[in-house]
1. Per-residue mean of other chain beta-carbon atoms within 10 angstrom of the beta-carbon, peptide B:89-101?
2. Choose one answer from B:Lys50, B:Lys109, B:Lys29: the residue with the largest mean-square fluctuation in a GNM of chain B with alpha-carbon springs under 10 Å.
3. Note the full-extension length gain between B:His47 and B:Glu149 as 0.36 nm times their separation in residues minus their Cα-Cα distance, in nm to one decimal.
4. Just for the Cα atoms in the protein assembly as shown, what are the lengths along the principal axes, largest first, rounded to whole Å?
5. Sort shortest first the distances from A:Thr17 to its counterpart in every other copy, using label points 7 Å along the Cα-to-beta-carbon line, and give them in nm.
6. Report the residue, chosen from B:Pro181, B:Pro24, B:Pro144, that carries the largest GNM mean-square fluctuation when chain B is represented by alpha-carbon nodes joined by springs under 10 Å.
7. Run the quick spin-label model on A:Asp135 and A:Asn76: label points 7 Å from Cα toward the beta carbon, then report their separation in nm to one decimal.
8. Taking the mean number of other Cβ atoms within 10 Å as a proxy for protection, how do you rank A:16-22, B:149-155, B:186-192 from highest to lowest?
Number of protein chains: 2
Amino acid sequence: MPPIVCVTGAHKVGKTTFLEKLIPRLVEKGILVGTVKHDVHGFEMDHEGKDTWRHRRAGAATIAISSPSSVACIRNVDEEMDLEDVVSRYFWAEDLVLAEGYKRSHFPKIEVFRSACEERPLCGPQDNLRALVADDPVQVGDVPVYGLEDASGVADFLYTTFLKDRKTHKLEVRLDGRKLPMKEFVQDFVIGGIVGMLAELRGWKRARNIDVRIRLEDR
Amino acid sequence: MPPIVCVTGAHKVGKTTFLEKLIPRLVEKGILVGTVKHDVHGFEMDHEGKDTWRHRRAGAATIAISSPSSVACIRNVDEEMDLEDVVSRYFWAEDLVLAEGYKRSHFPKIEVFRSACEERPLCGPQDNLRALVADDPVQVGDVPVYGLEDASGVADFLYTTFLKDRKTHKLEVRLDGRKLPMKEFVQDFVIGGIVGMLAELRGWKRARNIDVRIRLEDR
């Protein structure tokens with residue numbers, strides 16, 4: 001799963017505007033970027049009258065549409081998926097995921113701050129605040145502060161902090177969607193066991209990403 | 001992965017209209033239905049000016065939006081994802097996926113036929129045609145024919161043919177997205193090996209779906 005960094009800030013402070021500056025700077029560095037928008041109310045995706053819209057209205061729990069240049073899906077949920085689950089399901093190829101909002105999550109955060117909107121930043125180091133993007137020389141602990149226009153500086157910071165020294169081995173196991181916690185040496189052991197078995201099979205090729213899905217019982 | 005059935009037919013024959021009748025009949029049976037729309041040209045999802053739209057325009061390769069009632073994502077691709085890949089990525093909970101279009105795929109098909117549109121159905125048994133939905137007593141081999149209004153009959157047919165007797169064990173392994181083919185006894189062996197290892201770990205709980213993701217190297 002790629003690293004997740006939340007871009008937080010007060011309502012209308014300019015989170016999306018800052019992301020519009022930041023994303024191209026990351027892309028220039030060859031980083032494949034994904035974004036997640038947190039919507040507390042419910043969003044409008046799709047267009048009334050389109051086939052996918054009609055499928056959904058008829059009762060499809062999940063709809064997808066696939067074309068030569070893009071693929072999209074909309075899924076009904078009973079309760080909000082947590083951010084980690086959204087990223088692990090939908091962002092299998094990205095290097096970095098920027099989440100807009102999610103200020104209550106435990107993920108690392110960059111807060112956008114404008115003195116005209118709020119007196120003080122919403123997050124502090126206890127909220128896993130890692131950087132501030134501000135119009136004002138505000139200080140929160142020893143968190144680095146970047147100007148509202150300094151998207152390049154923030155892109156460098158993200159690269160150095162979250163991408164440069166990523167570990168090379170990584171295992172994630174989910175039981176009915178819930179992550180099974182594992183210490184690193186256990187991860188190595190399980191990876192060794194699984195890759196050892198699969199490597200004996202005809203059709204095996206060394207791959208960077210191995211996805212295994214097991215369904216033990218049917219509905 | 002859930003079974004996939006394509007709903008095919010000539011342009012404007014009424015595929016979506018038939019799906020609008022069929023989906024509620026399946027849902028009534030307690031079947032969780034997903035749909036995939038094949039779009040050969042490129043589709044419009046999202047709405048101009050929305051935050052997700054702005055993220056995408058700024059260069060995000062994949063965007064998602066998550067709310068308490070639904071989650072959606074749009075992903076750029078270099079080439080069209082094949083239907084099986086779309087379903088295995090996005091439909092982990094559904095019991096059945098109905099794909100609109102994909103008449104050239106190898107998946108089982110139901111063709112919607114109206115004598116006003118075409119002289120003969122487009123697909124035959126060699127295309128894995130399993131049923132016809134037609135306004136006319138047309139015959140293609142011994143493929144069953146249902147009336148355009150007989151969504152209940154087709155729902156029963158789908159349940160009996162694709163859902164009633166599904167096997168209980170299932171394994172899918174993907175190496176960089178490509179499926180590793182495996183005979184059934186090999187699947188059982190690999191499932192046994194993986195579940196055996198994981199079941200020794202603290203935090204293990206028997207689950208219906210086990211997802212394992214291994215990343216062997218980083219970019």
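The values are calculated or read from the model by the stated rules, or taken from the named source; none is laboratory data. Nothing here was measured: the structure is a model prediction, and the numbers come from that model. Here Cβ is always computed from backbone atoms with ideal geometry, including for glycine, and neighbour counts include all displayed protein chains. Heavy atoms of the whole protein, side chains included, go into the accessibility calculation; ligands, DNA and RNA do not. Shrake-Rupley method; radii C 1.70, N 1.55, O 1.52, S 1.80 Å.
1. 5
2. B:Lys50
3. 33.3 nm
4. 78, 49, 34
5. Reported distances to equivalent positions: 4.9 nm.
6. Maximum fluctuation in the GNM of chain B, among the listed residues, is at B:Pro181.
7. 4.4
8. In decreasing order of mean packing, A:16-22, B:149-155, B:186-192 become A:16-22, B:149-155, B:186-192.
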